[in-house]
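Novice: Supplied in structure tokens, the structure appears directly below.
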Amino acid sequence: MMPKIIYGTAWKKDQTARLVEKAIRYGFAGIDTACQPKHYNEEGVGLALEALEKQGLHREHIFLQTKFTPVAGQDPERIPYNPDAPLEEQVRQSFATSQDNLGTDYVDSLVLHSPLPRFDQLMTVWRAMEAIYDQQGARQLGISNCYDWAVFKRLYDEARVKPTVLQNRFYAETGYDQELRAFCREFGVVYQSFWTLTANPHILRSRVVQELARLHQRTEAQVFFRFLTQIGIVPLTGTTSDQHMQEDLAIFEFEIGADALPRLEALLKA
Ligand SMILES: NC(=O)c1ccc[n+]([C@@H]2O[C@H](COP(=O)([O-])OP(=O)(O)OC[C@H]3O[C@@H](n4cnc5c(N)ncnc54)[C@H](OP(=O)(O)O)[C@@H]3O)[C@@H](O)[C@H]2O)c1
């Protein structure tokens with residue numbers, strides 16, 4: 001089962017192991033990483049999992065998600081597979097690196113970091129991910145940074161193993177992915193959001209969020225995260241702060257009343 005909020009590990013460099021260990025000990029049950037040394041220290045996640053295992057917090061109780069990042073998203077100096085190999089081999093090598101980094105045979109979710117320039121290339125990569133799924137290396141598959149409804153729908157139609165995760169930047173520029181999110185709801189795809197706080201200071205400052213924060217005695221960030229979980233979105237949070245980790249987990253201690261939800265939903269349509 002995917003947790004309702006996930007701890008993201010981007011940009012944490014040599015602090016990754018320490019922060020992931022702390023996040024899980026505070027109560028996060030899901031981790032998002034990527035085989036992309038440019039932004040993620042996947043090995044650090046593996047070190048945290050190893051340390052947690054010794055403390056009795058077992059791998060099988062942690063939802064672990066990693067990504068295959070195409071060459072365009074990699075630092076040319078640190079590509080974790082052979083960039084000259086065929087695409088399907090790049091996926092295999094990247095996943096083998098992830099297994100090694102994470103010290104695990106399987107991940108709960110394997111996500112394609114972004115669509116490839118051509119749809120046939122995307123499908124070649126997807127078929128390689130399906131093979132990993134077939135071999136029980138990944139329990140579900142997903143895609144990220146896919147903002148074109150037609151591309152997502154075509155992938156959904158052509159995939160043998162359907163995408164069950166869509167991880168996107170959640171911001172006004174894409175109309176908060178209204179159409180994509182409707183598709184996700186209809187077909188049981190989990191929509192994961194990132195940039196959720198960073199891209200939306202105007203929402204945090206909005207009258208309705210301020211009122212609800214006062215009513216529930218919570219922060220604006222907690223109100224926004226809680227709202228998103230109530231409409232079925234799984235937010236990612238990469239906080240490095242102890243206080244924010246605890247606040248992000250405490251969003252399940254309160255519930256926004258049904259009467260307030262339409263006012264909040266309206267913020268995503270403005
Ligand atoms: N698929 C992709 O291409 C992609 C791209 C970007 C990110 N991601 C994933 O998404 C994760 C989250 O990234 P993000 O871009 O959303 O940013 P983020 O790393 O979560 O940072 C957002 C900001 O929010 C603050 N924050 C967190 N919780 C808060 C709270 N309760 N109250 C107030 N401030 C709070 C953080 O500051 P403090 O540290 O001080 O709390 C930070 O400045 C990443 O780690 C990564 O796993 C994926």
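Novice: For a label point 7 angstrom out from the Cα of LYS22 toward its Cβ, which stretches of segment 208-246 have the backbone nitrogen within less than 12 Å?
Specialist: The answer is 239-246, whose backbone nitrogens lie closer than 12 Å to the label point.
Novice: Between segment 92-133 and segment 171-203, how many Å separate their Cα centres?
Specialist: One Cα centre to the other: 23 Å.
Novice: Express in Å², to the nearest 10, the accessible area of ILE5 obtained by rolling a 1.4 Å probe over the protein heavy atoms while all chains stay in place.
Specialist: Spelled out: ILE5, probe radius 1.4 Å, area about 10 Å².
Novice: Let me ask another. Can you give me the solvent accessible area of VAL234 with a 1.4 Å probe, rounded to the nearest 10 Å²?
Specialist: Counting only protein heavy atoms, the figure is 10 Å².
Novice: Can you compute the modelled spin-label distance between ASP100 and THR174, with each label point 7 Å from Cα toward Cβ, in nm?
Specialist: That separation, rounded to one decimal, is 3.2 nm.
Novice: Another one. For the full complex of protein chains and a 1.4 angstrom probe, list SER193, SER114 by accessible area with the highest value first.
Specialist: Details: SER193 0, SER114 40 Å².
The residues order as SER114, SER193, largest area first.
Novice: Sort out the exposed loop GluC sites (Glu not before Pro) in the chain (DSSP loop, at most 16 other Cβ within 10 Å) and tell me the longest stretch that has none. All intermediate terms of the calculation are to be shown ahead of the outcome.
Specialist: On the way: sites that count: GLU77, GLU255.
The longest uninterrupted stretch comes out as 78-254.
Novice: Let me ask something additional. Which three lengths, in whole Å and largest first, does segment 31-116 cover when its Cα atoms are put on their principal axes?
Specialist: Its Cα atoms span 41, 21, 17 Å along the three principal axes.
Novice: Sticking with this one: What 222 nm value per residue comes from the helices of the chain, counting each DSSP H run with n ≥ 4 as -39,500 (n - 2.57) and dividing by all residues, nearest 500 deg cm²/dmol? All intermediate terms of the calculation are to be shown ahead of the outcome.
Specialist: Details: 11 runs with 116 residues, N = 270.
Here the helix-only value at 222 nm equals -13000 deg cm²/dmol.
Novice: In degrees from 0 to 90, rounded to the nearest 10, what is the angle of the helix 178-187 Cα long axis to the longest principal axis of the chain?
Specialist: Helix 178-187 sits at roughly 70 degrees to that axis.
Novice: With a 1.4 Å probe and every protein chain kept in, tell me what percent of the accessible surface of segment 86-179 is carbon plus sulfur. Walk me through the numbers before you get to the answer.
Specialist: Numbers: 1880 of 4110 Å².
Solvent-exposed carbon and sulfur of segment 86-179 make up 46 percent of the total.
Novice: Another question, then. With every protein chain kept in place and ligands, DNA and RNA left out, what is the accessible area per residue of segment 90-204? Probe 1.4 Å, answer in Å². Provide the component values of the computation, followed by the final result.
Specialist: Values: 4950 Å² over 115 residues.
Computed with neighbouring chains in place, this is 43 Å² per residue.
Novice: Near the amide H of GLY30, under 5 Å away, which other amide H atoms are found, from residues 5 or more places off or on another chain, if H is placed in the peptide plane?
Specialist: When sequence neighbours closer than 5 places are left aside, the close amide H contacts are TYR7, PHE63.
Novice: Anyone know which of ARG92, ARG25, ARG78 comes out most mobile in the 10 Å Cα GNM of the chain?
Specialist: Result for the chain, Cα springs under 10 Å: ARG78 fluctuates most.
Novice: Per residue, how big is the convex hull of the chain when only Cα atoms are used? Give it in Å³. All intermediate terms of the calculation are to be shown ahead of the outcome.
Specialist: On the way: hull volume 33.3 nm³, N = 270.
Spread over its residues, the Cα hull of the chain gives 123 Å³ apiece.
Novice: If you take every DSSP beta bridge whose two residues both sit in the chain, what share of them, in percent to the nearest 5, is antiparallel?
Specialist: Values: 1 of 28 bridges.
Roughly 5 percent of the beta bridges in the chain run antiparallel, per DSSP.
The values are calculated or read from the model by the stated rules, or taken from the named source; none is laboratory data. If you're wondering where the values come from, they're calculated on a predicted model, not measured in any experiment. As a convention, Cβ positions derive from the backbone with ideal geometry for all residues, glycine included, and neighbour counts pool all protein chains shown. Note: areas computed on protein heavy atoms with side chains; ligands, DNA, RNA excluded. Shrake-Rupley method; radii C 1.70, N 1.55, O 1.52, S 1.80 Å.
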